[in-house]
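The values are calculated or read from the model by the stated rules, or taken from the named source; none is laboratory data. Bear in mind that the values here come from a model prediction, so they are computed numbers and not experimental data. Positions of Cβ are generated from backbone atoms using ideal geometry, with glycine treated the same way; all protein chains shown enter the neighbour counts.
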Amino acid sequence: MDSSQNLSRPLRLLVIALLFSVFASNAAATAPDWKQRLEQRLIEIDTDYPGELGVYVQDLTTGDAVSFRGEQSWYLASGIKVPVAIEVMRRIEQGEFSLDTTLRLLSSDYVDGAGETNWHPPGTELSVRFLLEQMLVRSDNTATDVLIRQVGLDAVNNAARQLAPEGLGEITTLADVRRHAYSAFHESAFTLQAKDFLALRQANQEQERIALLATILDVEPTDFAVADLRTAFERYYATNLNGGQLTAFSTLLAALAQGQALGADGTAYLMDVLSRIQTAIAASRPAYRNPCVSRIKPAPNTHVPATWAWRQWPPTAGASSSPPALAANSRVPARKQRYAPWAKQSPNPVYSK
């Protein structure tokens, strides 16, 4: 759900280039016509895609950029984890703690989603390094909220505003993403707790989830202000919480890549972590129906070597809303599966956003 939907219109595909000159400084020199070719290709994709496409790509060497609806506001999903990571690294640079500092996992920290943090029971001491890398590489929501608890939401928002003064909405915890979204059904959704998010995540069918929400909130479904998840999330997106313009988010990414957000060591470490993002889908799989944050590997000989993409919720009418389970040969150790809150219902943690 944090990366589950986007602003105001259903089923959009949002693509943000991870500032391609960070990875290919010679792109402009070797492909002077890249802007025209990319713009043409985006028009073709946008014509065929049953949703909306937003793209912003910038060459940090020349300043050349392509913006395709980049000035619109979009739900940035797990993109908000970047300013969280920046603020964590700033605290490390200031000497408040280190990558090896451990933080205790609380029962209130759990948020449904990908990553390994939820495999650990409450009370586990997890290093900042582990949490940072889970947050960025695996798009781990629980790890994100633990780190936000450590540095504070105000500091995260201040960091984002400093690097991108205009165009970004307020950042919240990922638990609060769910509370705000479900509050469209009933205002008492702001009382939802970690165990409730995990239980709701197990209800894969929409009507089953809505009925369970009513049970958790101790209200009747007839008391709900909206009838479906699509409407609820549309209302959430309209708030612009955890949203913003692609141009503004690219400004933040550029500041990180160019060493303006952190010192040299912090920049190098964070860029290395970002380069290892694993929550990926192939660009050739447009039918993937579950919302996610992705690093899409480009086709050979293209000059956009890294992108982040959000495939948005809700799925098309009649499409399955169930999240994909990890493969049978998942790297989830058997001894850790028992700690996954959903282990009794699924042999593997499911990937959800």
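Observations
- Only one of A261, A268, A225, A194 that is in contact with a helix residue (DSSP H, G or I) (Cβ under 6 Å, 6 or more places away or on another chain) and either polar (S, T, N, Q) or modelled with pLDDT of 95 or more (or both): A261
- When each of L241, L270, L253 is tested for being in a loop (DSSP other than H, G, I, E, B), touching a residue at least 60 places away in the same chain (Cβ under 8 Å) and surrounded by 14 or more Cβ atoms within 10 Å (Cβ to Cβ), the lone residue that passes is L241.
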